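Right, one structure below, let's go through it.
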Amino acid sequence: MECDLFDTESRPLRIPRIILILLSLIGIGFSIRCNLELSQLRQTHADLREQVGFLDVADPSQVAISHVPTSDDAVPPGVDQAHLWRYRMYFPANYGASYRMQHGLVKAVSPQGRGGSNSTWSSPKAKSEEALMTIALIKSDGKWILCRSVGGSSSTSSMPRDIDLGSLDEFVVETPLSPSDKTRTYATDNAICLIRLREKQLAKKRNNKPEKDLYRGFNVYVYGAQHKDAFNAWSQGEATSMKEATP
């Protein structure tokens, strides 16, 4: 005689099995839901890191720089046009980040130039530091203004009225990172060019002859405080490199 599925003798065995199957199905559904939520959170985290600039400090003894994407929202109201560059930067302990901005006439491969300049220095700190740097060219009331801000310090300079910065296609723009770089590291004894923007053609003298190795534009450098004297010697043309001027 065949056994009935609902036979009273087999029912006590089937009820726990059904409960186990139901619990297993609930567990599988819960796991799928958790995995979906985790995937969404990971994507959100990746998007946020992309927006604020992901700084990967692989070697705490070196300077690390990452690019921070910019958007139209970063341009302040009342500005006709703007070009922005933003970086997140990591500085090792005892570095003392110092900055120099040169504008007017600049060289293509060094901080040397002629015109206006401004510098800021900071004392070395016992602990490592991070900073957000913003460099901007802003057009307001028909004039282009160069702005630099980092931490609590900032500086502004007026660009020549006859230089057209509406499009940067006619300029050479150098930054410390290539488009494919997420983070780039530098040794602490390097002077790092955060940006160099210059015309492609040499600047002209009043007699219309070309300047020697000088272009209209600007640059911004960062270097460690302990190399201040060597950097100054290099930027003032007293040495062909900071390494040469370092004792």
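At a 10 angstrom cut-off on C-beta neighbours, averaged per residue, how do the peptides 130-137, 190-197, 179-186 rank from highest to lowest?
Values: 130-137: 17.2, 190-197: 20.4, 179-186: 12.6.
Final packing ranking: 190-197, 130-137, 179-186.
Express the accessible area of the range 101-247 per residue in Å², computed with a 1.4 Å probe while the remaining protein chains stay in the model. Before the final figure, lay out the partial values.
Working: 8100 Å² over 147 residues.
The answer is 55 Å² per residue.
Going by the alpha-carbon gyration tensor, a ≥ b ≥ c the square roots of its eigenvalues, is the range 117-183 rounded (a/c under 1.5) or, if a/c is not under 1.5, prolate (a/b greater than b/c) versus oblate? Mind dumping the intermediate values first?
On the way: a/c = 2.89, a/b = 1.49, b/c = 1.94.
The shape class here is oblate.
How do 219-230, 235-246 rank on mean C-beta neighbours within 10 Å, highest first?
Details: 219-230: 20.8, 235-246: 15.1.
Final packing ranking: 219-230, 235-246.
The values are calculated or read from the model by the stated rules, or taken from the named source; none is laboratory data. Computed from a prediction, not measured in an experiment: that's the story for all the values here. Heads up, the Cβs are rebuilt from the backbone with ideal geometry, glycines too, and the neighbour counts pull from every protein chain shown. We work out accessible area using only protein heavy atoms, side chains counted, and drop any ligands, DNA or RNA first. Shrake-Rupley method; radii C 1.70, N 1.55, O 1.52, S 1.80 Å.
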